[in-house]
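Heads up: the structure comes next, in C-alpha cells.
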Amino acid sequence: MFKFILPLLLILLAGCSTKKADIDFDPSFDMTALSTFAVVYDKNDDFSALNSERIAESITSEMRSKGYVTAPEDEADFHITFESIIREDVPSNVGLGFGLGTFSSGLGLSLGTVRGFSNDEGTLFINMLDPATQKIFWYAKLTKKIESFETPQERAEYFNETVSEMLEEFPLNILQGAYK
C-alpha cells in the first residue's frame, strides 16, 4: 500500500511547488560590458505609486548587490523597466475525493467534491533594454497570488523577495553558460 502512497504524495508536493520566473534573453547581446544601469518607470502609474517605488527600490538594491552601479538615465549602459498586471478573481479549484473498494468483489464507492476559490494574481515583468536601440535583451516574468499585508515593511519585503527571484539568473549564470 505504501508503494502507492509515496508517488501520490510526491505528485501532490510537486503541485504545491512555487513558480519560477519565466526568463528569456538575446544570446547575441554582449552583457559582459554592462556596469551601470538606470531604473526607468512611470512614477504616475495607476498601479500604486508606493508599490512602483518599492519595486524600483528592490530592483536597484538587487542590481547593486550584483555589482552594478546606478547612473543617470542618459549615462547608463542599460535601462531596467518594469510593469505589473493584476488579475482579479482568478479561479482556483480544489478537489477532494474518497473511495472504497475491494480487489475480490465488484463493489466500490466513490465520493468527490470540487470547491471553487478565487484569488487575485499579480504578474510582474522586468525588462533590460539597450538605451541606444530600446531593444529588450533580457526579460523576466513572474506571476504570484497577491498577498495581504499588515505593514508597509511586509509589502516591501514581499517585493524584495519577488524581485530577487526574478533577477537571480541575471547575468552571471547566463554568462557562464549555466542557464537552464
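The values are calculated or read from the model by the stated rules, or taken from the named source; none is laboratory data. Computed from a predicted structure; not experimentally measured. We place every Cβ from the backbone using ideal geometry, glycine too, and count neighbours over all the protein chains shown.
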- request: Report yes if some residue within the range 118-128 is among the hydrophobic types (A, V, I, L, M, F, W, C) and modelled with pLDDT under 80; otherwise report no.
  value: no
statement: Residues in the range 33-65 that are under 17 Å from M128 (Cβ atoms) and surrounded by 12 or more Cβ atoms within 10 Å (Cβ to Cβ) total 17
- prompt: Name the residues in the range 27-49 that are more than 21 Å from L167 (Cα to Cα) and either modelled with pLDDT of 90 or more or outside any loop (DSSP other than H, G, I, E, B) (or both), would you?
  reply: A49
- request: Could you give me the residue pairs with C-beta distances under 8 Å whose first residue belongs to the range 143-158 and is without any contact (Cβ under 8 Å) to a residue 12 or more places away in the chain, whose second residue is surrounded by 14 or more Cβ atoms within 10 Å (Cβ to Cβ) and in a helix (DSSP H, G or I) wherever it lies, and which are 6+ apart or on separate chains?
  value: E147/Y158; F149/R155; F149/Y158
query: Any residue at all in the range 155-174 that is surrounded by 14 or more Cβ atoms within 10 Å (Cβ to Cβ), among the β-branched types (V, I, T), assigned to a loop (DSSP other than H, G, I, E, B) and modelled with pLDDT under 95?
result: no
- prompt: Among the residues of the range 140-154, is any modelled with pLDDT of 55 or more, in contact with a Pro (Cβ under 9 Å, 6 or more places away or on another chain), surrounded by 14 or more Cβ atoms within 10 Å (Cβ to Cβ) and assigned to a strand (DSSP E or B)?
  reply: no
statement: For A76, the lone unmet condition from (1) of a type in the set (A, V, I, L, M, F, W, C); (2) at pLDDT 55 or above; (3) in a strand (DSSP E or B) is (3)
